[in-house]
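Data first, discussion second: the structure below is written as structure tokens.
The values are calculated or read from the model by the stated rules, or taken from the named source; none is laboratory data. Since we're looking at a predicted model, the values are computed, not measured. For neighbour counting, all protein chains shown are included, and Cβ atoms are generated from backbone atoms with ideal geometry for every residue, glycine included.
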Amino acid sequence: MKQGYIPKERRKKILLLCDDIRVHSGIAHMGRELVMNTAHHYNWVNLGGAVKHPEAGQRFDLSQDTNKQAGIEDSSVMLYPTDGYGNPDLIRQLIQIEKPDALFLITDPRYWAWLFQMENEIRKHCPIVYLNIWDDYPAPLYNETFYESCDALLGISKQTVNINKLVLGPKAEYKIIEYVPHGVNHKVFRPLSEEEKSTKEFLEFKNNIFKGKEFEFVLFFNSRNIRRKQIPDTILAFRHFVDRLPKEQAKKCLFLLHTQPVEEHGTDLNAVIDLLCPEEYCNVYFTGGMFDPERMNWLYNLADAQILLTSNEGWGLSLTEALVVGLPIIANVTGGMQDQMRFIKDGKWMDFDEEFPSNHRGTIKEHGSWAFPVYPTSRSLVGSVPTPYIFDDRCEPEDAADRIEEVYNLGKEGRKQAGDRGREWALGDEAGFTSEKMGNRVIQYVDELFDTWEPREKYEFMLAGDYKKKVLNHKLIY
């Protein structure tokens, strides 16, 4: 019996608002892992969103599948597919029908503006828990009403936890604000044994991905083809790297991309590769499709290092997957990627406050031996109407090439040793980047919320006055 097990009829019920947990998005993946690792303690109802969901309006019982995956016998997991993320009327109906004890939200707060506007009626019945993330500073004071609408803010990154506190100010005292980093299933994402790598199925997979060739060094990228992921810069960094090698050694290196080659919100990567990568010695391949988690683990096991140079990145899940597989990581120093590099401040794993909100200026250089940081050389303040300001932290491709070369020069054994240290830390209690530990943290903080929560008053008196300007409350130079 799992630790913390509660019989089904005695469990609290949580309405989970996120992507349909059956699909393959990053949000759905986190929602699914969360449910699988807490289904022994809570009953779940997923209002599962998708664009033009083909099953919208239906109801599915996922309990049997959950039992098999979670290793229990009495889970209760229901799914209501919906277009987008729902609407106020649907939330009202589900509260009436399912009578949840809490609402649990995941993803960008802009998708939930309509729900935060009805928090006064929701929180008369149940609390709102928000597993939230924010990519970069300055602290988004425009999110204040969103954060204020929640009873518990579980920050995916240390930066997010600090942002929640900075934005709320004195109001943070009345919230549960805790660190709950992303976790992956370390029983699926793991190093393969030599015997597993010798199977016919794996060798056929490898041969297909590598187009029948053999490579001595494989750099891997796994993320969406969107602008902020800086994929063209990453390809340019790889080109700079192979240009430093003798041609025969360069031919034995591969940059493997698991992403869409052409994407409206990104670019035409085929054109970038045609421009920058001579076929004679600069090998850049695409994996060529979607894969289940087992095959994704195979891809990581084909690689020697993982790279992610995103200019704003709340977390960077592909880095976590790489860590638990045992790969060194090359990453831009921004957002939640900093957590995974384990920067050390005053002898401890780095934390943030208003005096030191980020290490994207390269203030601290000591970090985990599995990490090869690329420090941004440009911090541009960009924005849009819903998000008026945010730093865009961009690193130089030449600096990234230096880090790739550094990993390359470690050799196979050196890369394995660095990756093993990263895996050990990621699985340990300090980091706890596993789905099991993520579930345990959620149980701890949500149970605390249930023990202390009081329903919102039916109404409250507010003093209307002049508009008060929101001024930055943390340092810009640190």
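Between TYR80, TYR85, the distinction of being touching a residue at least 40 places away in the same chain (Cβ under 8 Å) and farther than 19 Å from ILE443 by Cα belongs to TYR85 only. Looking only at the stretch 183-218, filter to residues that are in contact with a helix residue (DSSP H, G or I) (Cβ under 6 Å, 6 or more places away or on another chain) and more than 23 Å from CYS253 (Cβ to Cβ); which one of those is surrounded by the most Cβ atoms within 10 Å (Cβ to Cβ)? If we take residues in the stretch 183-218 being in contact with a helix residue (DSSP H, G or I) (Cβ under 6 Å, 6 or more places away or on another chain) and more than 23 Å from CYS253 (Cβ to Cβ), then GLY183 is surrounded by the most Cβ atoms within 10 Å (Cβ to Cβ).
Mind listing whichever residues of the stretch 113-154 are within 16 Å of PRO100 (Cα to Cα) and touching an Asp or Glu at 6+ places or on another chain (Cβ under 6 Å)? CYS126, PRO127, ILE128, listed by residue number. No other residue among VAL284, VAL262 is β-branched (Val, Ile, Thr) and within 21 Å of VAL407 (Cβ to Cβ) apart from VAL284.
Scanning the stretch 415-432 for residues that are of a type in the set (Asp, Glu) and more than 15 Å from ASP304 (Cβ to Cβ) returns GLU424, ASP429, GLU430. If you go through the stretch 352-378 and keep only what is touching a residue at least 24 places away in the same chain (Cβ under 8 Å), out of contact with any Pro (no Cβ under 9 Å at 6 or more places or on another chain) and either surrounded by fewer than 20 Cβ atoms within 10 Å (Cβ to Cβ) or not assigned by TED's automatic domain parsing to the domain that holds ILE307 (or both), you end up with ASP353, GLU354, GLU355, PHE356, THR363, TYR375. Just one of the listed residues (PRO261, PRO232, PRO191) is touching a Gly at 6+ places or on another chain (Cβ under 7 Å) and either within 30 Å of GLY314 (Cα to Cα) or aliphatic (A, V, I, L, M) (or both), and it is PRO191. Applying the criterion of being surrounded by fewer than 21 Cβ atoms within 10 Å (Cβ to Cβ) and under 22 Å from the mean Cα position of the chain (by Cα) to the residues of the stretch 1-27, the residue that is nearest to ILE72 (Cα to Cα) is ARG22. Whenever a residue of the stretch 253-282 is touching a residue at least 60 places away in the same chain (Cβ under 8 Å) and assigned by TED's automatic domain parsing to the domain that holds PHE217, its partners that are of a type in the set (Val, Ile, Thr) and not in a loop (DSSP other than H, G, I, E, B), lying with C-beta atoms within less than 8 angstrom and at least six residues away or across chains, give the pairs CYS253/VAL218; CYS253/VAL242.
Residues in the stretch 81-115 that are within 19 Å of THR38 (Cα to Cα) and of a type in the set (Phe, Trp, Tyr): PHE104 alone. Out of ASN473, ASN440, one residue alone is among the polar types (S, T, N, Q) and not in a loop (DSSP other than H, G, I, E, B). It is ASN440. Comparison of LYS12, LYS2 shows that the only residue that is of a type in the set (Lys, Arg) and farther than 21 Å from LYS187 by Cα is LYS12. Consider GLU430 carefully, then state whether it is among the acidic types (Asp, Glu) and closer than 23 Å to GLY183 by Cβ. Taking the combined requirement at face value, the residue satisfies it. Those strands (runs of 3 or more DSSP E) of the stretch 114-181 in which at least 1 residues are closer than 20 Å to MET341 by Cα, considering only elements entirely within it, cover 152-155, 176-179.
Residues in the stretch 268-284 that are in contact with a helix residue (DSSP H, G or I) (Cβ under 7 Å, 6 or more places away or on another chain) and of a type outside the set (A, V, I, L, M, F, W, C): TYR281 alone. Looking only at the stretch 386-428, residues that are of a type in the set (S, T, N, Q) and either in a loop (DSSP other than H, G, I, E, B) or in contact with a Phe, Trp or Tyr (Cβ under 6 Å, 6 or more places away or on another chain) (or both) come to 1 in all. Being of a type outside the set (Asp, Glu), in contact (Cβ under 8 Å) with a residue 12 or more places away in the chain and touching a helix residue (DSSP H, G or I) at 6+ places or on another chain (Cβ under 8 Å) is a property that GLY335 has.
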